[in-house]
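Accompanying notes for the structure given below.
The values are calculated or read from the model by the stated rules, or taken from the named source; none is laboratory data. On a predicted model such as this, the values are computed, not experimentally measured, just so you know. Cβ coordinates were reconstructed from backbone atoms using ideal geometry, including for glycine residues, and neighbour counts include every protein chain displayed. With ligands, DNA and RNA removed, areas are computed over all heavy atoms of the protein, side chains included. Shrake-Rupley method; radii C 1.70, N 1.55, O 1.52, S 1.80 Å.
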2 protein chains.
Amino acid sequence: MAAKLTPTSYALLGLLRLQPWSAYQLTTYMQSTALNFIWPRANAGIYNEPKKLVAHGLATARVEPNAGRRRTIYEITGKGRRALAAWLARPNGEWSFASEAALQIFFADGAGLEELRAQLRALIEHGRDRYQMDQAMVAHWLGEGPRFPARLHFTAMMADLISSLTTAIDDWASRWLLLSESWPDTALNDVNETQAREILERLLETLGTRDN
Amino acid sequence: MAAKLTPTSYALLGLLRLQPWSAYQLTTYMQSTALNFIWPRANAGIYNEPKKLVAHGLATARVEPNAGRRRTIYEITGKGRRALAAWLARPNGEWSFASEAALQIFFADGAGLEELRAQLRALIEHGRDRYQMDQAMVAHWLGEGPRFPARLHFTAMMADLISSLTTAIDDWASRWLLLSESWPDTALNDVNETQAREILERLLETLGTRDN
DNA sequence: TAGCTCATACTCCACTTTAGAGTATCGTCA
DNA sequence: TGACGATACTCTAAAGTGGAGTATGAGCTA
């Protein structure tokens with residue numbers, strides 16, 4: 001009877017290893033921290049997950065009063081610790097990206113130049129919002145310290161990853177916003193064909209130096 | 001009676017705008033091109049989507065013989081074109097990332113140093129596989145040209161995006177593989193605390209220059 | 001010729017996940 | 001007293017998934 005655990009299960013086990021949590025705390029933490037960037041999950045799904053952990057003996061639940069209300073506190077079990085350790089020992093290089101914005105840009109030859117550029121600007125604006133949010137968090141970590149001070153290095157690692165990706169997308173959108181300045185429209189023409197070939201040639205070089 | 005269209009619906013409309021497609025062709029194209037990077041979708045879902053488009057009058061379907069077999073060919077309608085154009089005119093800066101690997105790295109304080117480093121190496125290896133794949137595609141586009149020659153600039157745009165993200169993650173993993181060389185274990189210590197603070201301080205600077 | 005493999009062409013399905021609400025209670029404030 | 005925000009959690013129709021499966025035809029080999 002192998003428990004059908006998902007990465008979400010393991011994420012919660014990872015948090016429970018640090019301390020006991022209420023379901024609300026787990027959900028709030030997962031949705032307001034770096035975790036929401038590297039493993040975005042819907043509210044309802046997170047609430048359901050600890051119940052599954054309990055059903056499989058990986059966590060325990062107790063209901064306690066809290067300021068006149070009841071809340072459920074979850075704690076990891078020994079079995080849960082072992083399941084987490086086994087998962088951590090299984091290397092996995094996978095990641096995925098998805099973007100409706102990028103999809104719209106990919107099909108922008110069905111729209112006008114100004115619409116394409118508006119999409120690129122929207123991506124840049126979205127990145128700006130992200131930067132402001134991240135800046136406040138980083139300043140807080142350097143000042144008061146993170147929620148888990150003993151994990152500062154992991155906090156920094158994730159902040160570095162998020163910033164790297166946000167910056168990469170920002171740079172990409174800015175690059176093509178600049179390149180498209182000289183386009184008459186979204187159709188292929190001499191200007192943007194030359195640009196495209198140059199970019200592809202540059203990519204071929206870059207990829208060639210990295211594939212071994 | 002507004003059709004409940006998803007980004008997947010629009011992606012298919014975007015492809016149908018270029019030419020008529022069979023369901024098999026739509027599925028194969030979506031899963032083997034840049035589209036699978038910016039909007040990854042399961043096989044069954046893609047097969048179902050064109051039927052919905054037909055149900056909403058955005059596409060038509062006809063069954064034709066093909067080498068003794070039957071296949072369904074879909075074509076976009078005028079209504080479908082208008083729905084696509086309206087979607088393209090709605091800017092959207094959103095994107096999402098998800099990675100079980102990053103999740104495992106985030107919780108690696110529950111494992112040993114070698115396990116953390118194995119995770120980082122797995123990410124780098126995954127990137128290397130990606131580079132080899134992309135290299136072959138880019139070489140093909142520069143040689144024979146892409147499937148849709150008139151969209152070369154959009155092909156280049158997406159290749160640039162994919163490469164940027166792959167490179168960013170590769171660099172991040174390499175950076176932390178290097179930084180962790182001097183760690184005695186995954187716990188916080190003087191060495192990695194100093195590293196973490198330096199990274200966070202550098203991030204604060206970078207974010208500060210980009211948030212306005 | 002028969003069998004195997006691959007490509008073409010698509011369906012099925014139990015389960016998971018989502019977006020986007022909703023309900024309920026308590027403390028604080030005007 | 002009523003409104004608002006925080007705490008605490010549930011509900012649900014629709015979308016999506018992984019991982020098969022079925023079927024047919026062409027090409028190749030023993």
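Here are the numbers for the structure shown:
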item	result
Check on A:Thr6, more than 14 Å from chain B (Cβ to nearest Cβ), within 30 Å of A:Gly127 (Cβ to Cβ) and within 14 Å of DNA strand C (Cβ to nearest atom)	no
Residue count, segment A:79-116 (criterion: more than 7 Å from every other protein chain (Cβ to nearest Cβ), open to solvent by 40 Å² or more (accessible area, probe 1.4 Å) and either touching a residue at least 60 places away in the same chain (Cβ under 8 Å) or under 21 Å from A:Arg17 (Cα atoms) (or both))	5
Pairs with Cβ under 9 Å, 6+ apart, first in segment B:7-36 and over 21 Å from A:Ala101 (Cα atoms) and outside any helix (DSSP H, G or I), second aliphatic (A, V, I, L, M) and within 9 Å of DNA strand C (Cβ to nearest atom)	B:Pro20/B:Ile73; B:Trp21/B:Ile73; B:Ser22/B:Ile73
Residue that is out of contact with any Leu (no Cβ under 6 Å at 6 or more places or on another chain), surrounded by 15 or more Cβ atoms within 10 Å (Cβ to Cβ) and more than 7 Å from chain A (Cβ to nearest Cβ), where the choices are B:Ile199, B:Ile169, B:Ile162	B:Ile162
Verdict on B:Ile46 being near DNA strand C (Cβ under 9 Å from one of its atoms), within 24 Å of A:Ala101 (Cα to Cα) and touching a Leu at 6+ places or on another chain (Cβ under 8 Å)	yes
Single residue of A:Leu165, A:Leu161, A:Leu152, A:Leu120 found to be among the aliphatic types (A, V, I, L, M), touching a strand residue (DSSP E or B) at 6+ places or on another chain (Cβ under 8 Å), assigned to a helix (DSSP H, G or I) and within 30 Å of B:Ala101 (Cβ to Cβ)	A:Leu165
Hey, A:Asp185 out of contact with any strand residue (DSSP E or B) (no Cβ under 9 Å at 6 or more places or on another chain) and within 7 Å of another protein chain (Cβ to nearest Cβ) or not	no
Selection count, segment B:31-54, where residues are within 14 Å of chain A (Cβ to nearest Cβ), buried (at least 18 other Cβ atoms within 10 Å of the Cβ) and more than 10 Å from DNA strand D (Cβ to nearest atom)	4
Considering residues of segment B:55-78 that are open to solvent by 40 Å² or more (accessible area, probe 1.4 Å) and either within 14 Å of chain A (Cβ to nearest Cβ) or away from DNA strand C (no atom under 12 Å from the Cβ) (or both) only, the residue nearest to B:Thr6 (Cα to Cα)	B:His56
Residue match in segment A:85-100 (condition: out of contact with any helix residue (DSSP H, G or I) (no Cβ under 7 Å at 6 or more places or on another chain) and more than 24 Å from A:Tyr29 (Cα to Cα))	yes
Filtered residue count, segment A:123-157, keeping only those that are out of contact with any Leu (no Cβ under 7 Å at 6 or more places or on another chain), facing another protein chain (nearest Cβ under 7 Å) and surrounded by fewer than 20 Cβ atoms within 10 Å (Cβ to Cβ)	3
Residue satisfying condition, being of a type outside the set (Lys, Arg), out of contact with any helix residue (DSSP H, G or I) (no Cβ under 8 Å at 6 or more places or on another chain) and open to solvent by 20 Å² or more (accessible area, probe 1.4 Å), within set B:Leu178, B:Leu204	B:Leu178
